Every structure is written in C-alpha cells, then in structure tokens.
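The values are calculated or read from the model by the stated rules, or taken from the named source; none is laboratory data. In this text the structure is predicted, and so the values were computed from the model without any measurement. Glycine gets a Cβ as well: all are built from the backbone with ideal geometry, and neighbour counts include every protein chain shown. Surface areas here come from the heavy atoms of the whole protein model, side chains and all, with no ligands, DNA or RNA. Shrake-Rupley method; radii C 1.70, N 1.55, O 1.52, S 1.80 Å.
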Amino acid sequence: MAVGRLARFLSIFLLFLVNVSSEQEPSYARFSFDASMFPTEAEYDYIVVGGGTAGCPLAATLSHAYRVLLLERGGVPHEFPNLATQEGFLAALSETDSQDSPAQAFVSEEGVPNARGRVLGGGSAINAGFYSRAEPDFFEQSAIRWNMAMVNDSYEWVERTVTFQPLLGTWQSAVRDSLLEANVTPYNDFTVLHVRGTKIGASTFDSAGRRHTAADLLASADPANIQVAVRATVEKILIQPSVLGKTKKPTAVGVAYRDQFGARHVAKTRDGGEVILSAGALGSPQLLLLSGVGPRGHLQSMGVSVLRHHPHVGKFVYDNPRNGISIAPPAPLEHSLIQVVGITDSGAFLEAASTVVAFSSPGRAALLHRAAPPLFLTVATLMEKVGSPLSHGWLRLASTDPRDNPRVRFNYFAHRADLARCVDGLRTVGAVLEAQSMDKFKVGLFGLGRAFRFVGPALPANRSRAAMEEFCRQTLTTIWHYHGGCVAGKVVNGDLKLAGVDSLRVVDGSVLSTSPGTNPQATIMMLGRYTAQKLLLERKKKRKPADAHSS
C-alpha cells in the first residue's frame, strides 16, 4: 500500500516538474496537469470533454469569459517525440501497443485498420498536417446554423497560429506538374480555399519541420480561467432526469472521470453552464451511449440504463474511402506529407506523400548469420479520396468500459455512386502516372524499357469499370476522415444542442454528415472557435436585459 502511494506521488511530482521546469515547453503546459492532481469534486461554467481538434479552440475561447475545464484522456504532445516532425508520422500511427500511445488503433467491422487521437490536440497531433477550408457547398448542405462572417473570422483565427506555406520538394513538385498534365486544372497555386483544379494547400508543419496542433490554440486561453486535465478518462455524463414541475427535460449537470490511477473525480456545472462533448466521431457517440442516451434496444442489450431514447445516436457514421498506388523511385526522396491536392470534377481528391521506411529481410539476416541492419527504402504514394461518401454505417458499444473502442461499421461502397467516384479518381491517378513529369521515377528493367517499380498492387492494365471496381474493393483503406454518429439535424440541432437533453452540446466531427473538403481538420478547428464565439455572444445578449433591470 505504501509503495503504491509512493509511486503515485513520484508520478505526480514528475508531471509537475514537466509542466513548470522548462521555458521551452509549449504555453499550454502552464495550465495542463495530470488528472490525479485535480480535486475529487469541483464546479465549472463549461466542461469540455475531449482536448482534440475542436475541443482546444473551443475551451480556449470560452475561457475569456467563463471558468472552463478541458478533459483529455491522453497525454500532451511534447511527451511523444514522433509527433513533432513529418518523419515520425508513420511511427506514431503504428506504435499503438501501450495504453497511453497518442494514437489508438481500431479496426472497423469490415476489417479496415484505422486510428483515433489519444493526446491533447487529438487528430491534429497525429495527422499528415494538410490544411484546407471546406467547399462552399458544405455550409449550404449542413444542418448547422452558420454565420459566414463568423466562420471566416474563425478560420483566420486558427490560421494565424497553426498554418504555414510549404516548400515543395521533388515528389510534390512532380505530382503538381503531373496533375496539370492530366488536366486537373486550373492551377490555383497556394491557397487555403477549396477550389477545383490543382493547388498547394497549407501545412501545420512550419519551415523548420515542426508540427503545430490544435493544442497550440490553447496559448490564447486565459490561464486564470482554464484548467486542462490530461489522462482523464470520462466514464459518463451526469444527467439529471426530468422532474415534474421543475425541469421539462433531462439536464446535463456534469461528468464523472477517472485519472490514470483509477481514482474517481466529479466535475459539475454551475447554473447556466454546459457540458460540451468534443471527444471525436467515435468518442462523443460512445459517451452518449454510456450515459444512457441512444437507441433503447442497444442500451438495454448492454445493460445501460436508458435516460433518453435517441434512435439516431451512433447512426449515420461515414468514412472516406482511400485507394492508391505506391512506387519505389530510383533515387531517395525527401519526406513529404500531403502538400499538393488535385480536386476533380467528379468529386475525387488526389493527394501524395513520400516517406522513408525501414525494410529488413530475414534472408539477408540468415546469410550474414546475425541480425542485419535495416535497409531504408523511399516509398512515394499517390492516392485518391472519395469526397462526401453517400455510404454510411453505425457505431455501437463493444463494452461499458470507456477505454475500449466501440464497434463501428462504415459500409464502404454500399452506395454505387461512391464506387463510381473511386473508379473515376483512380483513372485520374492512372493519367497522372502517364504524365511526362513522372518519367524520372521509373527504373530500367533489364532491356525491357523503363517502368515504375510498384510497392504493392499496380493499377489494372485493363482499366475497364469491372476491373477498376474490383481494385477499389481490394485496395480499400482509410484516410482517417471518418465522421458522423451525432449528426446535426438528427441528434443535435443547428446550434449543436443535443435534442431532448438540456445543457449538453456536441462540437466535433461527429456532427458532420460530410467530410468538409480535402481534409476536415481546418473546419473542425474552426467549428470549435466558431461555436465558442456564438456562445459568448448569446450569453452576453441574455445578460443585458438583466443588467439594465438591476440598474
């Protein structure tokens, strides 16, 4: 018992030193602490569950007028060196064995591997860094209530902190030129806007190669008004049932969470406060289900008491299919993540990356009679993403432990239109490969001419629709842009308030029925800032009559 207490004390003390000892630590380290250092019960105006792509800008903005608690189940980015640079991207996504890895692996019911963020900054801390705003149609089709002037202001606020113009290297320059040769036009040069044709997008990696994430937006928070608890696993939302004559609807009054040592904490909201779920497209619907808000039959089958029958929680879950090819070029290339994108008329987006991977051969090790050092191989990838898929699936609890991944099925290509767009996109990939600007990446084949050296399957030689559809199905993977589960217009209203439960909102990718543009992170960061700005304005307007009356 004494040993356990000592270990806990040392762990907390070391975390404290991490937060206060170095001027080089990010600004959010000033108010980010391990959850075990928080009181067992406390009150706040706003409790934001999930310190990810939306949660960080949301909490930072609200802190300028209200006391805010931001709860993040993972650690902080600077604890994980692989998150800091482009070179660490693949390692961060693959090293998921530990319980506190910044990326948590999951596999859809179709068997497609995927990942979700488990670190302050969320998906913005583990992704490929591409930044591009949503297409105009997104705002027209969304059931969210938008003020476009505030939308643009919120985008600009985000961009001042986390976006940079990338310098193109050999592979990205060749992809840009090849897209134009393949008639993915016009050329739009560098822009954060979503425009048809070929463009260079912004990057969240700066000129020195350092990653910037949504956690950087916490630098704008009021330190006196915000507390960030990391390694805080929220178990459930505390919902007070409706009381005859007092409350017409169930009301969220707080959350229960556990620290890394298993100690239970309760955070409650003050009068007029709210709980805001920003736990992501998997985490937010999962927490609603764990809290008794969801389809009655599913909740009862999992032994969860039903507080509010909500048939659409966990429904309308989408993922954008990704397909493509990879080649081994004849000469090494620099690391590059997504910088150039081709936006086609058919609704497919073409992107590219180049990376260096370690390759070890058992045969080589046996020949040397010892462990052989790995060979390093450059792999250049050209991929297409189906924008705005129509196919959708579902999310359900796998257990009542919030640390476990929920079950999720995306039903890829269930809608024929998605498959047709995949075929069109891959045919454009074929046209890009045939461009003259790609010749330099071919290798000589012993007197048989020059050709690409493919890593994995090549596009079918016969590009008939049947052959290409089969290629789409066989090479299907994710681009990590899954969304939905708490869709606006079905689970939340236009202001992102949960239908049927007071003082509870959802602000993250789970409210979206379509992924906004080539990459959703710009719009999800904007959504966090935008929602907080609207809340501040609404509460300011509500206070004015009372202030006038009291004077």
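Annotations
Yes/no matrix, rows are residues, columns are (1) at pLDDT 90 or above; (2) over 30 Å from residue 407 (Cβ atoms); (3) surrounded by fewer than 18 Cβ atoms within 10 Å (Cβ to Cβ):
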| residue | (1), (2), (3) |
| --- | --- |
| 339 | yes, yes, no |
| 343 | yes, yes, no |
| 361 | no, yes, yes |
| 366 | no, yes, yes |
| 372 | no, yes, yes |
| 375 | no, yes, yes |
| 379 | yes, yes, no |
| 385 | yes, no, no |
| 393 | yes, no, no |
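- Any hit, the range 23-37, residues being at pLDDT below 95, of a type in the set (Asp, Glu), more than 23 Å from residue 99 (Cα to Cα) and open to solvent by 10 Å² or more (accessible area, probe 1.4 Å): yes
- Counting only residues that are open to solvent by 20 Å² or more (accessible area, probe 1.4 Å), small (Gly, Ala, Ser) and touching a Gly at 6+ places or on another chain (Cβ under 9 Å), the range 110-124 holds 2 of them.
- Taken as a whole, the structure leaves residue 527 outside the set of residues that are open to solvent by 30 Å² or more (accessible area, probe 1.4 Å), part of a helix (DSSP H, G or I) and within 27 Å of residue 136 (Cβ to Cβ).
- Cβ-Cβ under 6 Å pairs, at least 6 apart or on other chains, the range 462-475 side assigned to a loop (DSSP other than H, G, I, E, B), far side open to solvent by less than 30 Å² (accessible area, probe 1.4 Å): 475/323
- Among the residues of the range 476-498, just one is under 15 Å from residue 274 (Cβ atoms), in a loop (DSSP other than H, G, I, E, B) and either of a type in the set (D, E, K, R) or at pLDDT below 95 (or both), namely 495.
- Contact map, the range 64-93: first residue at pLDDT below 90 and aromatic (Phe, Trp, Tyr), second residue open to solvent by 50 Å² or more (accessible area, probe 1.4 Å) and assigned to a strand (DSSP E or B), Cβ cut-off under 6 Å, separation 6 or more or different chains; the map is empty.
- Cβ-Cβ contacts under 9 Å between residues 6 or more apart (or on different chains), taken from a first residue in the range 125-141 that is at positive phi and modelled with pLDDT of 95 or more to a second residue that is aromatic (Phe, Trp, Tyr) and not in a loop (DSSP other than H, G, I, E, B), are listed as 129/89; 129/205.
- Only listed residue being in contact (Cβ under 8 Å) with a residue 12 or more places away in the chain, among the basic types (Lys, Arg) and under 29 Å from residue 231 (Cβ atoms), chosen from 118, 145: 118
- Matching strands (runs of 3 or more DSSP E) fully within the range 56-147 where at least 1 residues are among the β-branched types (Val, Ile, Thr): 68-72, 103-107
- Taken as a whole, the condition of being of a type in the set (A, V, I, L, M, F, W, C) and modelled with pLDDT under 80 applies to residue 18.
- Residue in the range 149-157 that is touching a residue at least 60 places away in the same chain (Cβ under 8 Å) and not in a helix (DSSP H, G or I) present: no
- Only listed residue being more than 29 Å from residue 107 (Cβ to Cβ), surrounded by 20 or more Cβ atoms within 10 Å (Cβ to Cβ) and in contact with a Pro (Cβ under 9 Å, 6 or more places away or on another chain), chosen from 491, 506, 501: 501
- Restricting the first member to the range 100-115 and to residues that are under 17 Å from residue 323 (Cα atoms), and the second to residues that are charged (D, E, K, R) and surrounded by fewer than 20 Cβ atoms within 10 Å (Cβ to Cβ), the beta-carbon pairs closer than 7 Å and six or more apart or on different chains are 108/409; 110/409.
- Failed item, numbered, when residue 187 is tested on (1) open to solvent by 50 Å² or more (accessible area, probe 1.4 Å); (2) among the hydroxyl-bearing types (Ser, Thr, Tyr); (3) in contact (Cβ under 8 Å) with a residue 40 or more places away in the chain: (3)
- Residues of the range 220-244 classified as of a type in the set (A, V, I, L, M), more than 19 Å from residue 74 (Cβ to Cβ) and not in a strand (DSSP E or B), total: 2
- Options 476, 504, 535: the member that is among the aliphatic types (A, V, I, L, M), closer than 30 Å to residue 326 by Cβ and more than 18 Å from the chain's Cα centre (by Cα): 476
- Qualifying residue in the range 150-167 (condition: under 30 Å from residue 534 (Cα atoms), small (Gly, Ala, Ser) and open to solvent by less than 60 Å² (accessible area, probe 1.4 Å)): yes
- Among residues of the range 433-459 that are free of Cβ contacts under 8 Å to residues at least 12 places away in the same chain and within 17 Å of residue 378 (Cα to Cα), those with a Cβ under 8 angstrom from a residue that is open to solvent by 50 Å² or more (accessible area, probe 1.4 Å) and not charged (D, E, K, R), sequence gap 6+ or separate chain, pair up as 451/445.
- Residue 412 passes every criterion in (1) of a type in the set (Ser, Thr, Tyr); (2) open to solvent by 40 Å² or more (accessible area, probe 1.4 Å); (3) modelled with pLDDT of 95 or more apart from (2).
- Scanning the range 302-311 turns up one or more residues that are in contact with a helix residue (DSSP H, G or I) (Cβ under 7 Å, 6 or more places away or on another chain), open to solvent by 10 Å² or more (accessible area, probe 1.4 Å) and not in a strand (DSSP E or B).
- Options 71, 90: the member that is crowded, with 24+ Cβ neighbours inside 10 Å and closer than 22 Å to residue 282 by Cα: 71
- Subset of the range 207-240 [out of contact with any strand residue (DSSP E or B) (no Cβ under 8 Å at 6 or more places or on another chain) and over 18 Å from residue 529 (Cβ atoms)]: 208, 209, 210, 223, 224
- Flag for residue 474 being open to solvent by 50 Å² or more (accessible area, probe 1.4 Å), polar (S, T, N, Q) and in contact with an Asp or Glu (Cβ under 9 Å, 6 or more places away or on another chain): no
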